[in-house]
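Since the structure comes first, as structure tokens, the remarks are kept for the end.
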Amino acid sequence: MQDTTHAGAARGFHSSHPIYATPGIEFIPHRSGLHTRKEHALPRSGELMIWRLAASWDYLNREEAALWLSREETARMRHHRNPAFARRYAIARVSLRRILGDALDKSPETVALSDDAHGQPVLDESGCPSPLSLRIAFAGIWITLAMSADAFGLETLLPDTARPDTDMSLASARAACASQLLAQPVDYVEALCAHRVGAMSLMRDDANAIRVIDLPMPGNISAAIATPISTSTLHAFGWLSRSF
């Protein structure tokens, strides 16, 4: 496990994306890789850890990592008709297993993962010091993994080729991740009209108040993450020394 504590600040990392200047949000970029933080391998309440990866075997031994998949994961991978999607799914799952295995001091293949009704990973580890929420999102060749001690939503989208409107795509990503967190539909129009502060939308109803945070991503990918108001720190692995 390797320490990457606030390397961005130490190296004078800057970006024009508004997330770096949004009040109440500390977005801390770390270098790429399947590692976490030495002093806190798992996120604490109020923290979220997120990884951005290309769908490649850069950080893994392909033959070894393929053995980490469970029977259910292998079956789901083979169910994909598109070989590129199958490879992307496999890389996402073994990468998550590698990260969790290091954090829990377990072999990746022994990490107990299942799927919820939406195909999102669920950690079934009684030895985990606190409940952990997990999510995976895909957009083109990119994989985004995230974990938090608190419930959250995550969405990444490529623009519709028929309607290549980046603003609409981002609004759809905001609405989708808010829907995941609230477990109820959120219309993209509501996301467009939400009160904005920097990279953050504040969405409220009679029972809930959440943040929806735009994430800097390469190219024309739109990405957003929905968190409770209490979440204030995002550790972002794969964002260090990037121009987005």
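The values are calculated or read from the model by the stated rules, or taken from the named source; none is laboratory data. Keep in mind the model is a prediction, meaning the values are calculated, not measured. For neighbour counting, all protein chains shown are included, and Cβ atoms are generated from backbone atoms with ideal geometry for every residue, glycine included.
A few remarks follow.
Yes/no per residue for (1) out of contact with any Phe, Trp or Tyr (no Cβ under 9 Å at 6 or more places or on another chain); (2) at pLDDT below 90:
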{"residue": "107", "(1), (2)": "no, no"}
{"residue": "116", "(1), (2)": "yes, no"}
{"residue": "121", "(1), (2)": "yes, no"}
{"residue": "137", "(1), (2)": "yes, no"}
{"residue": "165", "(1), (2)": "yes, yes"}
{"residue": "182", "(1), (2)": "yes, no"}
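- The numbered conditions (1) modelled with pLDDT of 90 or more; (2) within 22 Å of residue 232 (Cβ to Cβ) are all true for residue 175 except (2).
- The set of residues from the range 191-214 being within 14 Å of residue 152 (Cα to Cα) and not in a strand (DSSP E or B) comprises just one member, 208.
- Failed condition for residue 194, given (1) over 24 Å from residue 20 (Cβ atoms); (2) surrounded by 12 or more Cβ atoms within 10 Å (Cβ to Cβ); (3) touching a Ser or Thr at 6+ places or on another chain (Cβ under 6 Å); (4) without any contact (Cβ under 8 Å) to a residue 40 or more places away in the chain: (1)
To keep it simple, each residue is scored yes or no on (1) touching a residue at least 24 places away in the same chain (Cβ under 8 Å); (2) loosely packed, with under 15 Cβ neighbours inside 10 Å; (3) touching a Gly at 6+ places or on another chain (Cβ under 7 Å); (4) not aromatic (Phe, Trp, Tyr).
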position	(1), (2), (3), (4)
57	yes, no, no, no
68	yes, no, no, no
79	no, yes, no, yes
84	yes, yes, no, yes
96	yes, no, no, yes
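- Top-ranked residue of the range 197-206 - restricted to ones that are on the phi < 0 side of the Ramachandran plot and modelled with pLDDT of 75 or more, ranked as surrounded by the fewest Cβ atoms within 10 Å (Cβ to Cβ): 204
- Residue within the range 107-121 that is surrounded by 14 or more Cβ atoms within 10 Å (Cβ to Cβ), closer than 17 Å to residue 143 by Cα and not β-branched (Val, Ile, Thr) present: yes
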